[in-house]
1. Only one of these is outside any strand (DSSP E or B) and under 17 Å from the mean Cα position of the chain (by Cα): Gly121, Gly106. Name it.
2. Let me confirm something: among Lys104, Lys96, Lys72, which residue is open to solvent by 20 Å² or more (accessible area, probe 1.4 Å), of a type in the set (Lys, Arg) and at pLDDT below 95?
3. Only residues in the range 62-91 that are over 13 Å from Gly37 (Cβ atoms) and free of Cβ contacts under 8 Å to residues at least 40 places away in the same chain count as the first member; pair them with residues that are open to solvent by 20 Å² or more (accessible area, probe 1.4 Å) and among the hydrophobic types (A, V, I, L, M, F, W, C), Cβ under 6 angstrom, at least 6 apart or cross-chain, and list the lot.
4. Which residues, counting only those in the range 58-94, are β-branched (Val, Ile, Thr) and closer than 14 Å to Ile117 by Cβ?
Amino acid sequence: MLNFFKKEEFKIVAPVTGQLIPLLEVEDKVFSTKMMGDGFAVEPSGNTIVAPLSGTLESVFPTGHAVGIKTKDGIECIVHIGLDTVELNGQGFNVKVKQGQKIKAGEAMIEIDNDFIKSKGYKLTTMVVFPAGYDHVFELGTKQVQVGEKLV
């Protein structure tokens, strides 16, 4: 019964299996210059994109390329899958969630067809940025990560 009142630990997890890289290495100035906020990126080898933190899905783009999450404490997080992938109009993305839905860190949000998206000439670099509510310097380095692995 006491676990019912236990506060969930705040954590940020890897959104996908792959190579973790600093935002500075992302080949898009909007992200590499941190215009949208600080964060990190992953070069995916996996195809399941999970929520990097728990909260409410504030925005789920119909194209499947981006999701916005807001925690109950007001932390805003954007998960952006790929560079210019909005141009695919949803091809290669299978969205498993809806706007307004509550989600837990590590819960599946989107399945991506890596081979299809790459065959169309797009990079799948997946950025996780925090435009508001979370003042943290992300110095996570470069390493292999597994989907759902705790990073912060």
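The values are calculated or read from the model by the stated rules, or taken from the named source; none is laboratory data. Predicted, not measured: the structure shown is a model, and the values here were computed from it. Note: ideal-geometry Cβ built from the backbone for every residue, glycine included; neighbour counts use all protein chains shown. In case anyone asks, the SASA skips ligands and DNA or RNA and just uses the protein heavy atoms, side chains included. Shrake-Rupley method; radii C 1.70, N 1.55, O 1.52, S 1.80 Å.
1. Working: Gly121 fails: under 17 Å from the mean Cα position of the chain (by Cα).
It is Gly106.
2. Values: Lys104 fails: at pLDDT below 95; Lys96 fails: at pLDDT below 95.
Just one listed residue meets the conditions, Lys72.
3. So the pair list comes out as Thr63/Val86; His65/Val86.
4. Taking the range 58-94 as the starting set, the residues that turn out to be β-branched (Val, Ile, Thr) are 60, 63, 67, 69, 71, 75, 78-79, 81, 85-86.
If the condition is that a residue be β-branched (Val, Ile, Thr) and closer than 14 Å to Ile117 by Cβ, then Thr63, Ile81, Thr85, Val86 are the ones that fit.
Each row is one residue, and each column tells you yes or no for (1) open to solvent by less than 60 Å² (accessible area, probe 1.4 Å); (2) within 21 Å of Asp73 (Cβ to Cβ).
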{"position": "Phe116", "(1), (2)": "yes, no"}
{"position": "Ser119", "(1), (2)": "no, no"}
{"position": "Thr125", "(1), (2)": "yes, no"}
{"position": "Val129", "(1), (2)": "yes, yes"}
{"position": "Ala132", "(1), (2)": "yes, yes"}
{"position": "Val137", "(1), (2)": "no, yes"}
{"position": "Thr142", "(1), (2)": "no, no"}
{"position": "Gln146", "(1), (2)": "no, no"}
{"position": "Lys150", "(1), (2)": "no, yes"}
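The rows are residues; the columns are (1) in contact (Cβ under 8 Å) with a residue 60 or more places away in the chain; (2) assigned to a helix (DSSP H, G or I); (3) open to solvent by 10 Å² or more (accessible area, probe 1.4 Å).
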| site | (1), (2), (3) |
| --- | --- |
| Ile21 | yes, no, yes |
| Val30 | no, yes, yes |
| Lys34 | yes, no, yes |
| Glu43 | yes, no, yes |
| Gly46 | yes, no, yes |
| Ile49 | yes, no, no |
| Leu53 | no, no, no |
| Glu58 | no, no, yes |
